[in-house]
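S.K.: Once you've had a glance at the structure underneath, I'll fire off some questions.
The values are calculated or read from the model by the stated rules, or taken from the named source; none is laboratory data. All of these numbers come straight from a predicted model, not from anything done at the bench. Positions of Cβ are backbone-derived with ideal geometry, glycine not excepted, and every protein chain shown enters the neighbour counts. Each accessible area value is taken on the protein alone, full model and side chains, heavy atoms only, with ligands, DNA and RNA left out. Shrake-Rupley method; radii C 1.70, N 1.55, O 1.52, S 1.80 Å.
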Amino acid sequence: MSKFLENLGSIDRRYIFLIIAIVVFLPLIFPLGLPVEPTNLTIDSFNAIDKIPKDEKVLVSFDYGPSTKPEIHPMAIAVLRHLFTKGNRVIITCLWPDGLFMARQALQQVAVEEFDLTYGVDYVNLGYRPGNEAVIKGITRSFPANFAVDSRAIKIKNIPLMNGVQSLKNIGFIFSLSAGYPGSKEWVQYASDPLGIKTSTGVTSIQVNEILPFVKSGQLQGIIAGMPGAAEYEQLLVNNDIHPVIGKAGKSMDAQSIAHLVIVLFIVIGNISYFAKRKKEKKY
Amino acid sequence: MKNRGIWLKIFLLFILIFNFAIGGEININVEVDKSDAEGQLVNMLITGIDNTTNFKVFKKLGDESQWIELKSINKLSSKIYIKNDILTSLKVVTYDDNEKIIEEAISELFTTKAKWFNTSRLARFIFLLVTSFLILFYIEKAKKKKEIYLRPIAGLKAFEEAVGRATEMGKSVLFVPGIMDLDQVETISGIIILGYVSKMTARYETDLNVPVARSIVMEAGREIVRESYMSEGRPDQFNSDMVHYLTDDQFAYAAGVNGIMLREKPAAVFMQGKFYAESLILAETGNSIGAIQIAGTGSQAQLPFFITACDYTLIGEEFFAASAYLSQDPKLLGSIKGQDMVKAAIMIIIVVGVVFESFGAEFFKKLIEIG
Amino acid sequence: MFLKRYIPLAIVFVVGVTMLASWFIPHSPFDAFEIHATQWFDIIASFAMILGALNLLKIQSSKLIHRKRDWQYSLAAILGFFLTLTFGFILKGGHFLVLKDVGNNPTAVVNELSQELQIDNKIANNIYAIPETGDGIKIKKQYYTQNKAIEFKNRLETAGAVVEVKEVVWGGHLQQNNTYFAWIFKNVFTPLSATMFALLAFFVASASYRAFKVRNLEATILLVAGIIIMIGRVPLGVFITNWIPRTSFFSFLRLEILQEWIYQYPNAAGARAIMIGIGLGIVGTSLRVILGIEKSFLGEK
Amino acid sequence: MSFGSIFGAWVTVFLTLAILSYLYKDNPFYKVAEHIYVGVSAAYWGTIAFWNQVWPNLFGRLWPHVNDPSTLSKFNQFWYKIYNGLHWFSHNVFPENGIPGNQQQNLWYIIAFFFGLFMLARLIPKISWLGRWSLAYVVGMAAGLRIYGFMSSNVIAQIHGSILPLWIINEKGAILYGQMINNLVLIVGTVTGLFYFFFSVEHKGILGKISRVGIYFLMISFGASFGFAVMGRISLLIGRFNKLIEYSHKQYGYATLILLVVMVLTLLILNFKKTEEVTE
């Protein structure tokens, strides 16, 4: 037994690679359906969106690209589902150039295929504008000055949904799907703080602790944190009968949880074998 | 409170000294105060109204006819950005609840001029002067043959040992100067360290392989390696392809270096420079071939990976101090001593600041904020 | 001697001091200095890339010519290099059609179009409106080869439309769809980068297996902090300490709360010390470089 | 599905699996992928650098597009004659009458042009020393540029952030012990951590103990970063596997499955051959 434990310490790392590949790959094909328990952070984000009055217009900003799609895109889908179920109308902007493609994909899936909503009445995609935080500063004063046309090149004054939306002041809630700069931080600094509009966000795991202080101070209503956060949100949609099944993040959570667990197990095994070896060395 | 007054006076004095633009007199109702640091930032004051309601502020450039709405405010003063050297005027409007104009006031046309010193960066300027002074002072002191003690750093002692081991085993030494270009100080530091490593390989007659990710780094690397081989009297051993280019791309470079590690199996791997996510790929591959690995970087996020996968890691400032350690040049040693003094000053500032802050005196922290 | 040694040192000093001064002088010409200086650097770096490319080709082709070990693979590198260069400067792709007029039978044109690409009502309406507005419409679909585009043009012309074949401009071909360069980006460059990136997941596992050992106090602290963060952030962590009431005095022991505290305080403190050290290291090195104390990178000790 | 996309899917899958095969060991598939990657990416970034930097920012500033060169000043008429030479060299890259775009002419960029050319002087041994001038410019610029940024954000901003009160009372008069402890941890950690970086004193006695405490804080910081990295990296791997699963469908001709089987078989055969060679 002790011999076995010692040998574990010098195990060929390719076995570790193989095990990681298997524990990530298998749950993707054969889901286990491990329970996802929503945490306070995610519940707060859910409630913040749930409390938005039905007649308020919501601005959703797509500030991420393909490289962080696995983490952020499921949040986009879940939040859009939640908003459309409640009957809120949604205005979409993009601060990242590739955010436009992400927004198109998400809208095609949720607004067109699942909810069959009317473009320009229930939702509008204003598209990407360069300028980072300058765009946010701009729309705190005027939408038409910054978005003369939407992403389909329709003049903004011809869009029914944009009637009466002069600037961000006419928006009831902001949600930023953010993978870095520009993103949630800029929305807080240039829109939410000066105008007092309620704002919430979904971010990548690497960013969480940078944005968390804004939640603690109340500048943000909530935060959806990385792929696990997205999974919890999907679970909340199921729990509240908003959407029948969990989405991509929830399905990936088996893989994520098991991979973390396996890595921790590796660390534990490594230490056991380390102790076994040290004990033996002490004996001699 | 008394203290604060003195500091305020000193601060105002500085502003006066560095303020070259002359403020002009403006309008009855809207005043523009241009005494701020940068030319393009003015302070707008609304006078003649006592109660603070909501104002809208507009701006017009001299030759344009349209007023541009800048912002809504509800106080009597506000900072406004304008362009230097262009005639500008400001307009303030108050509204009633039905968005009807109650009153409006327009300032006179005025211009601002760019300043020759940015007073808002004064604290940084002073800090820079003090830092430079301390470093230069200790360099001068070191030149006068005053012995300077530096504590040992394990990673730096291991340099010679690693090259020596490669020689014994008849294998090569691999040097990775990071993945960024020479416009990063970390890369410059890495190249300087390459100079010392190449001196060792010249002395031991060991093969040196330096794959680089940037062409400029390749040129700088060649200069320094050639010089090392010359100064060690082994120009015959030098071959300019020791320092060779792979590709500018982060992960393609990592893949290429991986290939070199797997096929050449160097006995010593030096990773000294600026790294990003590829650091772990390089360090793990180096580890798997059993090479002695010595890493050094100022890329904070990559330090944990180097620490877990390499034999020795030069952490942050240690990496930048390496050239002084390796050269034992008194001038460089002196500059390290100077840096230590700056660190001591920083600690004192923090501790004093904490004391003031705890007693509710906020001016000390504000003083740093100015810069 | 003078040209080779002193002029470079003088350039370092003058450029360094001017750059530094420009941070404190908001007056022209200094205020625009940073933008231009970094663009000059980008231009120099771009020229230098020619040196790098020649060096890469020299090394790979010498392997090929002398039939050194693994010479076959050098062929792949050289071919890949020239193929991409061709797509960057000689062969572009990205041909598309501009519909100038729809003729007498717009429905036939729209039908013909809808066989080739998705047409929604809005686009169809715009097409029907061409005779009135007189504006041509750019058809979104792009083709690698001109022949394919002409083939489609002919089909539309038999339906009565007036069509023009165009191609994306040079310089714009880097980001457009269906140019050869974009194909290389999407199908060669992106999967290679993404997979190398994904390898990290494996290495992070093997590194933690090997390195996270309770060797001494330092290593133990590293291990504990790492594990708390790792578990505290996934549903599993919440599950493990769910028995601690959320509102009790001991709620800080809940893993998800503990990991947050560790990140915000002890971790931030350590990171801050390293940051200040790095900052001082860079300031010190830069000063030594500008003042000419450190000059070995110019090939001189 | 066009030929371009299906062929693209096969190439994508092949390259993805080839890189992953490296986890097993160095093998011909990885070698091919690695060499393609190096070659393609070198040309890729070269192309990007030319079209995004040199073309608009250098040539575009030296010879911006003009509608009618004959209306230009005498000097500029001569100046654009030089451009005509470039136009003759390549019509694609240098279109008639200057580089399109909206750059203003800025002849200072001639200096940058020369620094660039000096770099190329490296190819001619006799004047290769000119390259040092370009190197000197780059190094001088880097040093001057970085000092301010790092001093400001890495040093002064961090000092500012570390000056925190150790005695906090809220509006209602309650003492906030929790926040006080947190601040203390931050301040002690920062200061002791800095002690570790003292080079010119021996780390013995009290100093040694303080710097030891500093090391503990550094270790917590390393551990925390490591833990974070694990999470993000696994999410990315999941994304990559999802792509492979997508390409194993029928519409892409079962690309993943077929290539996976082919590669595994080849690796097995190669492995078998090798052991045979060894045993012989």
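S.K.: Could you calculate the FRET efficiency of D:TYR177 with A:VAL245 from 1/(1 + (r/R0)^6), where r is the beta carbon distance between them and R0 is 60 Å, rounded to 0.05?
M.R.: 0.80
S.K.: Return a whole-number percent for the relative contact order of chain A, with Cα pairs under 8 Å and 6 or more residues apart as the contact set.
M.R.: Taking the mean separation of contacting Cα pairs over the length of chain A, I get 27 percent.
S.K.: Roughly how many percent of the accessible protein surface of the protein assembly as shown is carbon and sulfur, given a 1.4 Å probe and a whole-percent answer?
M.R.: Carbon plus sulfur share of accessible area: 60 percent.
S.K.: Then there's this: Given only helices, namely DSSP H runs of n ≥ 4 each adding -39500 (n - 2.57), what is the per-residue ellipticity at 222 nm of chain A, to the nearest 500 deg cm²/dmol?
M.R.: Working: 11 runs with 139 residues, N = 284.
That calculation yields -15500 deg cm²/dmol at 222 nm.
S.K.: Give the residue from D:LEU218, D:TYR109, B:LEU109 lying farthest towards the positive end of the charge dipole for the protein assembly as shown; charges sit on Cβ (+1 for Lys and Arg, -1 for Asp and Glu) and the dipole is referred to the Cα centre.
M.R.: Positive-end residue among those listed: D:LEU218.
S.K.: Counting Lys +1, Arg +1, Asp -1, Glu -1, what net charge surrounds D:MET151 among other residues with beta carbon under 13 Å of its beta carbon?
M.R.: Within the 13 Å Cβ shell, the charges total +3.
S.K.: Go through D:LYS25/D:LYS243; B:LYS145/D:LYS204; D:LYS25/D:LYS274; C:LYS140/C:LYS166; B:LYS79/B:LYS113 and tell me which ones have a Cα-Cα distance over 18 Å in this structure.
M.R.: Exceeds cut-off: D:LYS25/D:LYS243; B:LYS145/D:LYS204.
S.K.: Which of the trypsin sites (Lys or Arg not before Pro) across the stretch D:129-218 are loop residues per DSSP, with 16 or fewer other Cβ within 10 Å?
M.R.: Loop-located and lightly packed - D:LYS172, D:LYS204.
S.K.: So what is the 222 nm mean residue ellipticity for chain D from helices alone, if each DSSP H run of at least 4 adds -39500 (n - 2.57) and you divide by all residues, rounding to the nearest 500 deg cm²/dmol?
M.R.: -22500 deg cm²/dmol
S.K.: Considering only protein heavy atoms, what per residue accessible area in square angstrom results for the stretch A:40-245 with a 1.4 angstrom probe?
M.R.: Ligands and nucleic acids excluded, the result is 37 Å² per residue.
S.K.: Classify the stretch A:40-245 as rounded, prolate or oblate from the Cα gyration tensor: take a ≥ b ≥ c as the square roots of its eigenvalues, call it rounded if a/c is under 1.5, otherwise prolate when a/b beats b/c and oblate if not.
M.R.: Rounded is the answer for the stretch A:40-245, as its axis ratio a/c remains below 1.5.
S.K.: While we're here: Write down Rg/Rh for the protein assembly as shown, rounded to two decimals, with Rg from the C-alpha atoms and Rh from the Kirkwood relation over Cα pairs.
M.R.: 0.95
S.K.: Would you please give the FRET efficiency between D:SER2 and B:GLN328, computed as 1/(1 + (r/R0)^6) with r the Cβ-Cβ distance and R0 = 51 Å, to the nearest 0.05?
M.R.: Calculated transfer efficiency: 0.20.
S.K.: Same structure again: Over all distinct Cα pairs, what is the inverse of the mean 1/r for the stretch B:247-299, reported as the Kirkwood hydrodynamic radius in Å?
M.R.: Kirkwood hydrodynamic radius for the stretch B:247-299: 11.2 Å.
S.K.: Still on this structure, I have one more. Does any residue of the stretch B:331-371 lose at least 40 Å² of accessible area with all protein chains in place compared with its chain alone, and if so which ones (probe 1.4 Å)?
M.R.: Residues meeting the cut-off: B:LEU332, B:GLN339, B:ASP340, B:LYS343, B:ILE346, B:MET347, B:ILE350, B:VAL354, B:GLU357, B:SER358, B:LYS365, B:ILE368.
S.K.: In Å², nearest 100, what accessible area do chains B and D bury in total when the solvent probe is 1.4 Å? If you can, show how the numbers build up before the last one.
M.R.: Numbers: alone 20810 and 21150 Å², together 36480 Å².
Roughly 5500 Å².
S.K.: OK, next. Between rounded, prolate and oblate, where does the stretch B:159-297 land on the alpha carbon gyration tensor, with a ≥ b ≥ c its root eigenvalues, rounded for a/c under 1.5, else prolate if a/b exceeds b/c? Could you put the intermediate results ahead of the total?
M.R.: Numbers: a/c = 1.68, a/b = 1.15, b/c = 1.47.
Taking the square roots of the gyration eigenvalues as a ≥ b ≥ c, the stretch B:159-297 is oblate.
S.K.: So, one more: Quick check: net charge around A:PHE115, other residues with Cβ under 9 Å of its Cβ, Lys/Arg +1 and Asp/Glu -1?
M.R.: Overall, the nearby charge balance is -3.
S.K.: More than 33 angstrom separation, counting every C-alpha pair in chain D; what % is that?
M.R.: Of all Cα-Cα distances in chain D, 63 percent exceed 33 Å.
S.K.: Could I ask something else about it? For chain C, what is the charge dipole size about the Cα centre, in debye to the nearest 20, if Lys and Arg each add +1 at the Cβ and Asp and Glu each add -1 at the Cβ?
M.R.: Dipole about the Cα centre, nearest 20: 1420 debye.
S.K.: Here is a follow-up. Note the buried accessible area between D and C here, summed over both chains, with a 1.4 Å probe, in Å² to the nearest 100.
M.R.: Result for this pair: about 10500 Å² buried.
S.K.: Sticking with this one: Can you give the local net charge around C:GLY232? Use residues other than it whose beta-carbon is closer than 12 angstrom to its beta-carbon, Lys and Arg +1, Asp and Glu -1. Intermediate results must be reported in sequence, preceding the final value.
M.R.: Values: positive: C:ARG233, C:ARG254; negative: C:GLU256, C:GLU260.
That works out to 0.
S.K.: Hey, got the average number of other protein chain Cβ atoms within 10 angstrom for residues in D:16-23?
M.R.: Counting Cβ atoms of other protein chains within 10 Å of each residue's Cβ and averaging gives 6.
S.K.: Between B:THR111 and B:ASP241, what is 0.36 nm times their sequence separation minus the Cα-Cα distance? Round to one decimal in nm. Mind dumping the intermediate values first?
M.R.: Values: separation 130, 0.36 × 130 = 46.80 nm, distance 5.93 nm.
Full extension from B:THR111 to B:ASP241 adds 40.9 nm.
S.K.: Can you pull the one-decimal nm distance between simple spin-label points at C:THR247 and B:LYS143, each 7 Å off the Cα toward Cβ?
M.R.: 7.2
S.K.: Before anything else, pin down the relative contact order of chain D: Cα pairs under 8 Å, at least 6 apart, normalised by residue count, whole percent.
M.R.: Here the relative contact order equals 16 percent.
S.K.: How high is the relative contact order of chain B, given as a whole-number percent (alpha carbon pairs under 8 Å, six or more residues apart)?
M.R.: 15
S.K.: Return the distance in nm (one decimal) between the two label points of a simple spin-label model at B:ASN74 and D:VAL261, each offset 7 Å from Cα along Cα→Cβ.
M.R.: The modelled label-to-label distance comes out at 7.2 nm.
S.K.: So what are the ³J(HN,Hα) numbers for the stretch B:86-92, from phi and the Karplus equation (6.51, -1.76, 1.60; θ = phi - 60°), rounded to whole Hz, Gly and Pro as x?
M.R.: The phi angles translate into 10, 4, 9, 9, 10, 10, 10 Hz.
S.K.: Take C:GLU151 and A:ASP98, extend 7 Å from each Cα along the Cα→Cβ direction, and tell me the distance between the two endpoints in nm.
M.R.: Placing both labels 7 Å along Cα→Cβ, they lie 3.1 nm apart.
S.K.: Could you work out [θ]222 nm for chain B from helices alone, using -39500 (n - 2.57) per DSSP H run of at least four and dividing by all its residues? Round to the nearest 500 deg cm²/dmol. Intermediate results must be reported in sequence, preceding the final value.
M.R.: On the way: 11 runs with 173 residues, N = 371.
That calculation yields -15500 deg cm²/dmol at 222 nm.
S.K.: What FRET efficiency comes out for D:VAL213 versus B:LYS157 if R0 is 25 angstrom and r is the Cβ-Cβ distance? Round to the nearest 0.05.
M.R.: E(calc), rounded to 0.05, equals 0.55.
S.K.: Counting other Cβ atoms within 10 Å, which chymotrypsin sites (Phe, Trp or Tyr not before Pro) in the stretch C:232-293 have at most 11 and lie in a DSSP loop?
M.R.: Here the sparse-neighbourhood loop sites are C:TRP243.
S.K.: To the nearest 20 debye, what is the magnitude of the charge dipole of the protein assembly as shown about its Cα centre, counting +1 on the Cβ of each Lys and Arg and -1 on the Cβ of each Asp and Glu?
M.R.: 2900
S.K.: Kindly identify the stretch A:78-140 as rounded, prolate or oblate by the Cα gyration tensor criterion: order the square roots of the eigenvalues as a ≥ b ≥ c, call it rounded if a/c is under 1.5, otherwise compare a/b with b/c, prolate if a/b is larger, else oblate.
M.R.: Cα axes put the stretch A:78-140 in the prolate bin.
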